[in-house]
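Notes to accompany the following structure.
Just so you know, all these numbers are worked out from the coordinates, no wet-lab data involved. Note that this is a predicted model, so its numbers are computed, not measured. Cβ placement follows ideal geometry from the backbone for every residue including glycine, while neighbour counts extend to all protein chains displayed.
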Amino acid sequence: MRLKSRLCLLLPCLVLAVSGARAADDDETALLLSKRAHQSLVEGEHEDALRRYRTIAKLYPRTDRAADAWWQIARLENHLDDKQAAFDALQVLITSHAGHFEKAHAEQLGLARSMMDAEEQRQRRRGLEPARSKALNEAEQEMLAGMLQTIIRNGPQSEVARQAHYDFALMLERAGKLPQALLMHEEFVEAHTDHELADDAACQIAYIRYKQWKTMKSAAPRQAAAARDALVWFLARYPQSERAALARSCLAELRLSEQKELESLARYYEGQGKPDAAAVYWRELALKFPELAVADKVLREKIAGAVDPVPQAGAVGPARAEKEP
């Protein structure tokens, strides 16, 4: 009985001793792996270092050693130009290692932006060296979109997520996906009205509308109206924006084009001997561009002839013909 009691007392001590020995062995193994990984890194053997850091992360998950290893993995994968693997390593830090969220979240945005900046530089080079510069393919665009969406989901109310939202809209715009870009910019303005990028997003909405009209010109009255409304709204909402000058320039071009279009139609119908049809467009010119009646004598006469005369005071309804005696 005494022997059994002594064994019961000794057993926890033995377990602790074995655990301690195992922990010491683990620490020694981890330290050895870390030293070898660092040595590979110093010697420029990046793939070998990457393999060793991944071994550390796998053997000692959710430990400080693993967190340090994941940071090294993210840096190495980025250096080796595997952006997705680098992004995924940062995602592990966000989801599995408390205390690393903010830094890893910001690093994810920096990684996505580096891809966007590289693509912008390629687009510029394509103008000079089209044969030597390649755009992002569809798979790369989807990868970048997935990264930005993940950043937004990781911290929807964070400043990093707001920046990613705006960048996502820009990425879609550069990829030629204008309807999706418009939607993202509109969502940004609605959700973050007072953000420092809100005026940029609002200006991009107007500028996209303007470009849609620009590609179609006179055959697109609906696009012209959408562009005009967006430009006017932007200038009314953000009159002090640094991009207000661009918006005013676009609006002036749009109005001048619309004026010339109406005047051209009016003169066309005059030339066809259809004064009533011409009068419709002269009246529209008078309503939309009243300043023309002051600036141009010929147009003033045309417009004056097309506008209905003002009824005399006291007259109500159409004039009646006098009865014959």
Practice prompt. Enumerate the aspartates and glutamates that Lys302 could reach by cross-link, defined here as Cα to Cα under 18 Å, with residues fewer than 8 away along the same chain left out.
Written response: Glu258, Glu261, Glu263, Glu270, Asp276, Glu284, Glu291
Response to the item:
Sparse-neighbourhood loop hits (trypsin sites (Lys or Arg not before Pro), the range 24-71; DSSP loop; Cβ within 10 Å at most 15 others) -> Arg62
Practice prompt. Take the eigenvalues of the Cα gyration tensor for the range 120-275, scale each by 5, and report the square roots as semi-axes in whole Å, largest first.
Written response: 35, 21, 13
Practice prompt. Please identify every one of the GluC sites (Glu not before Pro) in the range 23-103 that sits in a loop by DSSP and has no more than 10 other beta carbons within 10 Å of its own beta carbon.
Written response: Glu43
Item to complete: With 23 Å as the limit, write out which pairs from Lys177/Lys260; Lys214/Lys288; Lys35/Lys58 have Cα-Cα distances beyond it, or answer none.
Response: Lys177/Lys260
Worksheet item: Quick one: Karplus J couplings for the range 255-272, per residue in order, coefficients 6.51, -1.76, 1.60, θ = phi - 60°, nearest Hz, x for Gly and Pro?
Response: 5, 5, 5, 5, 4, 5, 5, 5, 5, 5, 5, 4, 5, 4, 5, 4, x, 8
Worksheet entry | GluC sites (Glu not before Pro) within the range 216-264, DSSP loop, no more than 11 other Cβ atoms inside 10 Å | Glu242
Worksheet, complete the sentence: Relative to the compact-globule estimate 2.2 N^0.38 Å (N residues), the Cα gyration radius of the range 76-127 stands at a ratio of 1.34
